[in-house]
Amino acid sequence: MTTLPLLTHASPDSIVAWREGQAVTRNTFLAEVRQLVALLPADTHLLNLCSDRYRFSVGLAAAIVAGKTCLLPSSHAPEAIRQIKAFAPDAFGLCDREDCTFDLPLLRYPPLETTADSDEAVPQIDVRQRVAILFTSGSTGNPQPHAKHWGTLVAGTKAEAARLALPPGTSTSFVGTVPPQHMYGLESTVLIAWQTGNALSAAHPFYPADVATALAQLPAPRVLVSTPVHLRALLDAGIALPPIARVLSATAPLTPRLAQEVETQIRTRLIEIYGSTETGVIASRRTTETAGWHLIPGVRLVPEGERTRAEGGPVEPPIVLNDIIESLDEEHFLLHGRLADLINIAGKRHSLASLNHILNTIPGVRDGAFHMPDESDPERITRLAACVVAPTLDAPRLLAALRERIDPVFLPRPLVFVDALPRNSTGKLPRQALEALFRNNALSASVTAE
């Protein structure tokens, strides 16, 4: 049996986490994990509902040590919980909030002793152990489960850490605006700290002021793990930030303009991550320097008809990607949007990802998204629609800017101006939420393009 350690922190006094300004050492963390293991029910599947990132990590570690599997859906809505119960009838929840009302057996996060009388041994975990099942967002159908084994999670996390080129010889602190239940948040805010001897922040800040506070509570060097929508809000707020060594971005395409603004205003280096729930992180790029993506070691892209299969490294099993890939060489590729985003209007083809990129590069546009309604009449040409956050623009000026950049057949009809797009906690824009936004604004805020 091949094993890998739960943590790579060298000494019992190494800092694993920061919580409310206080350091949590390896010894304390492992002591709390041991205590929680003793309280877990006999059931196999644990639904980790903790919102405090440190408590989430203790719950995850306890489940791993106890040989249980963490269930990590992208949503905690009632329907998502019903789907979890159907998938794993023995599932129980671990929750750290007083208002937990989820319809399944619950273990309230208990008070734990925060000191250890003796050194705690670092658990060794079988690389083949199934430690988690993550679920896709369901944006293209029902959420799909994807099992994750310890060895592949560790391999992907270490490859990502190598791309960050973190300052050597110091303990780096990670703070994330993304939830740890998401694959990106799991790898880039929890496992990356465990497997590099660094520290995670318990905070889960959302608003710019909260992000600034969470960063200020951490010692340098700091890494901010975020998304384009959170980074845009952070820059627009103009709040003073402490030095940030690196910024990570994922879950949605990042425009070169926003990447440059982040690096210039925050005086940092931004690394964009490419991956998915199915694959984990498989590539990265410095967005201000190149449009191409660099595969992490061991991952290969194999053409499969019009699609591309990723395999090797931490990708287990091989996964057929949902994106349009143009290979440049064995290690580099270009990304041209999702296959599901391809649209054909009057014989002309484009992708929603490309149109969204064009829309968001127009000066004055803070956020925006095109939408292709379902075709209800095959004899009529379906018209694209778009929602946009652009307080300084009006419809004629925005449409004029779009006419200079895209074929008129792709101009949005209607074009809806809103205060904010209904993005979820990871910055994604569910199709159902976008459709509801159009319905709610159809009478009061739509403008038909001529």
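Derivation of every value follows stated rules applied to the coordinates shown; laboratory data play no part. No experiment lies behind these values; they were computed from the predicted model shown. Cβ placement follows ideal geometry from the backbone for every residue including glycine, while neighbour counts extend to all protein chains displayed.
Figures for the structure shown
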read-out	value
Cα-projected label distance for Thr115 with Ala165, points at 7 Å along beta-carbon direction, nm	4.4 nm
Efficiency of FRET between Ala23 and Asp90 - r from beta-carbon atoms, R0 30 angstrom, step 0.05	0.25
Ala420-Thr2 pseudo-label distance in nm [points 7 Å out on the Cα-to-Cβ vector]	4.6 nm
Helical mean residue ellipticity (222 nm; -39500 (n - 2.57) per DSSP H run of 4+; nearest 500) of the chain	-7500 deg cm²/dmol
Free-standing Cys residues across the chain, given no other cysteine C-beta under 4.7 angstrom	Cys50, Cys70, Cys387
Proximal aspartates and glutamates to Lys148, defined as alpha-carbon separation beneath 12 angstrom and excluding residues fewer than eight positions away on the same chain	Glu187, Glu278, Glu316
In region 274-333, trypsin sites (Lys or Arg not before Pro) in a DSSP loop with at most 16 other beta-carbon atoms within 10 Å	Arg286
Between 0 and 90°, nearest 10: helix 431-441 axis offset from the chain longest Cα axis	50 degrees
Normalised per residue, the volume of the convex hull around the Cα set of region 145-199 (Å³)	78 Å³
Sites matching GluC sites (Glu not before Pro) across region 1-90 that sit in DSSP coil, with at most 13 neighbouring C-beta atoms within 10 Å	Glu20
